[in-house]
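Scroll down for the structure; my scribbles are underneath it.
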Amino acid sequence: MTTPAILHLDFADGAFNEYRMREDKVEFRSGEGAWLTLQTADLRLHFLLHTPVADWLRKQSANAEIARRKWLISSPGATSESLDSSERISLSDC
């Protein structure tokens with residue numbers, strides 16, 4: 001299992017937020033708090049407001065697609081249907 005990529009956002013007052021993609025969810029925590037799953041409405045708002053979180057999610061999604069394509073190219077006989085849905089990152093609900 002790979003370590004999830006984490007986006008760390010620092011604020012002027014020393015506070016910070018972190019975001020990570022884990023399985024098919026986007027999770028958030030403030031400071032050292034517990035990880036919470038972002039709801040679709042929260043994700044949609046990030047994309048509507050063009051936040052750094054939305055930019056990071058786009059990059060993560062693009063990286064996952066590149067990795068998926070490399071896997072398909074390097075695996076003889078593989079098809080996109082060969083991938084388990086947990087290996088795909090879809091932001092289509094946003």
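The values are calculated or read from the model by the stated rules, or taken from the named source; none is laboratory data. The structure presented is a predicted model; accordingly, all values stated were derived computationally and were not measured. Neighbour counts are summed over all protein chains in view; Cβ atoms, including those assigned to glycine, are modelled from backbone coordinates with ideal geometry.
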*So which pairs qualify, if the first residue must be in region 1-24 and at negative phi, the second must be modelled with pLDDT of 90 or more and hydroxyl-bearing (Ser, Thr, Tyr), the Cβ gap must be under 8 Å, and the two must be at least 6 apart or on different chains?*
Ile6/Tyr19; Leu7/Tyr19; Leu9/Tyr19; Ala15/Ser30; Phe16/Ser30; Asn17/Ser30
*So which strands (runs of 3 or more DSSP E) stay within region 1-41 end to end and still have 1 or more residues that are surrounded by 11 or more Cβ atoms within 10 Å (Cβ to Cβ) and of a type in the set (Lys, Arg)?*
16-22, 25-30
*Applying the selection to region 27-41, what residues are polar (S, T, N, Q) and under 20 Å from Phe11 (Cα atoms)?*
Ser30
*Between residues in region 49-63 that are within 11 Å of Val26 (Cβ to Cβ) and residues that are hydrophobic (A, V, I, L, M, F, W, C) and assigned to a helix (DSSP H, G or I), which pairs lie under 6 Å by C-beta distance while being six or more apart or on different chains?*
Ala54/Phe47
*Hey, can you tell me all the residues within region 42-70 that are surrounded by 13 or more Cβ atoms within 10 Å (Cβ to Cβ), of a type in the set (S, T, N, Q) and farther than 15 Å from Leu9 by Cα?*
Gln60, Ser61
*Hey, does region 71-94 have a residue that's aliphatic (A, V, I, L, M), within 15 Å of Tyr19 (Cβ to Cβ) and modelled with pLDDT under 60?*
yes
